[in-house]
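The values are calculated or read from the model by the stated rules, or taken from the named source; none is laboratory data. In this text the structure is predicted, and so the values were computed from the model without any measurement. Cβ placement follows ideal geometry from the backbone for every residue including glycine, while neighbour counts extend to all protein chains displayed. Please note that ligands, DNA and RNA were not included when accessible areas were found on the heavy atoms of the full protein model with its side chains. Shrake-Rupley method; radii C 1.70, N 1.55, O 1.52, S 1.80 Å.
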Amino acid sequence: MNILSLSTAEQGASLAVFDGKALICESYWTSRLTHSRRLIFMIENLVVDRAGLTLEDVDGYVAARGPGSFTGLRIGISVVKGLAYALSRPCIGVSSLDGIAWRFSHCSQPVCVMMDARRGQVYSATFKFSKGQLEKKSEEVVESAQKILETMGSAREVLFAGSGTKAYQDIILEKMGGRALFSAPAMDYVSAAALAGPVLCDNTPFSDPDRSLTPTYIRKSDAEINLGTMPEN
């Protein structure tokens, strides 16, 4: 089964093509161009030029469903749904936070993912893996880094990953000290290859109703927030 996985949850776009559980090729591109101006080109380049496939050869799609950029997520999800509908292929969604955490699926320490959500907040969840399998995942939240750290308790060591962990590294170090471990900066983005991690562990991933490709924003959009603060006529 050939699978195309992609993420547009952040400024950078990440794509990966799998043949079964084997990664064929992957691509990451961050620039000032919007996802709408580069995503189709990236898909064609990766699938056709590099993987040597046609779009008809893709058997299923995986996309980041959030949290992340409202506009970016809508673009990525729309493109995947459009391709899946046109080619009669299944598509599923996976949390953007998983697309960071699964890079570290063989880490013995808890993995706390923080994506910078701006406004002094992070999108976050904590993962516990064992031998490449997910044992436990906390609820996904959008909170200040301080509040997230309060839930760490007396954990001996925690691996922090994601853009938010670098934005609030000083706060993490102040709270955790030497118990805080940090991923390399190049490992902090939502990876399409890692996004497919939980999918590849499942023999029937496209039949799971919990993986429907609907956006998960966690936080309300600016329009929704502003609407709630508008005075009534």
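Of the heavy-atom accessible surface of the chain (probe 1.4 angstrom), what whole percent is carbon and sulfur? Don't jump to the answer; show the numbers that get you there.
Values: 5980 of 11650 Å².
Answer for the chain is 51 percent, counting heavy atoms of protein chains only.
Only bridges whose two residues both fall in the range 64-177 count here: according to DSSP, what percent of them are antiparallel, nearest 5? Walk me through the numbers before you get to the answer.
Values: 13 of 17 bridges.
For the range 64-177, the DSSP antiparallel bridge percentage is about 75.
Within the set LYS131/LYS220; LYS81/LYS147; LYS21/LYS220; LYS21/LYS81; LYS131/LYS175; LYS175/LYS220, which residue pairs have Cα atoms separated by over 26 Å? Each step should come with its number before you reach the end.
Working: LYS131/LYS220 36 Å; LYS81/LYS147 36 Å; LYS21/LYS220 36 Å; LYS21/LYS81 22 Å; LYS131/LYS175 29 Å; LYS175/LYS220 29 Å.
Beyond 26 Å between Cα atoms: LYS131/LYS220; LYS81/LYS147; LYS21/LYS220; LYS131/LYS175; LYS175/LYS220.
Which residue, LEU46, LEU73, LEU15, tops the fluctuation ranking in a GNM of the chain built on C-alpha contacts under 10 Å?
Looking only at LEU46, LEU73, LEU15, the biggest GNM fluctuation is shown by LEU46.
What shape does the chain have by the C-alpha gyration tensor, where a ≥ b ≥ c are the square roots of the eigenvalues, rounded means a/c under 1.5, and otherwise prolate means a/b greater than b/c and oblate the rest? Walk me through the numbers before you get to the answer.
Working: a/c = 1.87, a/b = 1.30, b/c = 1.44.
Oblate, since a/c reaches 1.5 and b/c is not below a/b.
Specify the inter-centroid distance of the range 72-88 and the range 91-122, based on alpha-carbon positions, in whole Å.
Between the Cα centre of the range 72-88 and that of the range 91-122, the gap is 23 Å.
Express in Å², to the nearest 10, the accessible area of TYR189 obtained by rolling a 1.4 Å probe over the protein heavy atoms while all chains stay in place.
Roughly 50 Å² of TYR189 is accessible to a 1.4 Å probe.
For the chain, set up a Gaussian network in which alpha carbons nearer than 10 Å are linked by springs, and say which option among GLY20, GLY93, GLY162 fluctuates the most.
GLY20
222 nm [θ] for the chain, helices only, -39500 (n - 2.57) per DSSP H run of 4+, per residue, to 500?
On the way: 9 runs with 67 residues, N = 233.
Calculated mean residue ellipticity at 222 nm is -7500 deg cm²/dmol.
Could you rank GLU150, GLU44 by how accessible they are, 1.4 Å probe, largest area first?
Numbers: GLU150 130, GLU44 110 Å².
The most accessible residue leads, giving GLU150, GLU44.
Mind pulling up the Rg/Rh value for the range 50-179? Radius of gyration and Kirkwood radius, both on Cα. Numbers along the way, then the final one.
On the way: Rg = 17.2 Å, Rh = 16.3 Å.
For the range 50-179, the value is 1.06.
Mind giving me the nanometre distance, one decimal, between the label points for SER212 and ARG50, set 7 Å out from Cα along Cα→Cβ?
3.3
Using 0.36 nm per residue, how much length does the chain from SER154 to SER31 gain when fully extended, once their Cα-Cα distance is taken away?
On the way: separation 123, 0.36 × 123 = 44.28 nm, distance 3.99 nm.
Taking 0.36 nm per residue and subtracting the Cα distance, the gain is 40.3 nm.
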